[in-house]
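Take a look at the structure below.
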Amino acid sequence: MPVKKASAPRSVLEAEQARLLAMIAQMEIESDDSLGYSNHMADDATEAFEQAKDMALLQNAERLLEQVRDALGRLDDGNYGKCENCGQSIDPARLEALPYVALCLRCQQRLEA
Ligand SMILES: [Zn+2]
């Protein structure tokens with residue numbers, strides 16, 4: 001086996017996009033299913049909790065998908081790997097771990113502080 005090479009960001013992002021789209025589609029199918037039998041469960045707290053959890057997961061996946069699409073857009077513009085806030089290069093190790101990040105670690109930390 002050849003030595004494992006870092007994948008090109010585009011293929012990583014496209015794979016991530018495909019994974020998220022499949023996950024979102026799956027979650028939408030599942031939530032449609034549960035609505036199908038929902039007549040008796042108005043007071044079922046567990047079910048409501050599960051639905052809220054699914055909703056949070058779905059929103060999380062959609063937010064991530066948006067970030068992945070933004071990153072693909074930055075690749076097209078030639079801005080990939082640059083911090084959207086300060087314009088400095090994002091640490092390659094950070095990009096490797098989170099290929100869709102838009103901010104360098106410093107800006108991210110400042111934002112979260
Ligand atoms: Zn920055």
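Every read-out reported here was derived from the displayed coordinates using simple, explicitly stated rules and does not represent laboratory data. Computed from a predicted structure; not experimentally measured. Cβ coordinates were reconstructed from backbone atoms using ideal geometry, including for glycine residues, and neighbour counts include every protein chain displayed.
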**Asked** When ranked by the protection proxy of mean other Cβ atoms within 10 Å per residue, highest first, what sequence do the peptides 105-112, 81-88 form?
**Response** 81-88, 105-112
**Message:** Please compute the length gained on full extension between Ala45 and Leu57, using 0.36 nm multiplied by the number of residues separating them and subtracting their Cα-Cα distance.
**Reply:** 2.5 nm
**Prompt:** Which whole-Hz ³J(HN,Hα) couplings does the stretch 73-83 yield from phi under the Karplus relation 6.51 cos²θ - 1.76 cosθ + 1.60, θ = phi - 60°, glycine and proline marked x?
**Reply:** x, 5, 4, 4, 7, x, 9, 5, x, 9, 5
**Asked** Counting only residues 5 or more places away or on other chains, whose amide H sits under 5 Å from the amide H of Lys82 once H atoms are built in the peptide plane?
**Response** Ile90
**Request:** Mind giving me the nanometre distance, one decimal, between the label points for Arg69 and Ala8, set 7 Å out from Cα along Cα→Cβ?
**Result:** 2.3
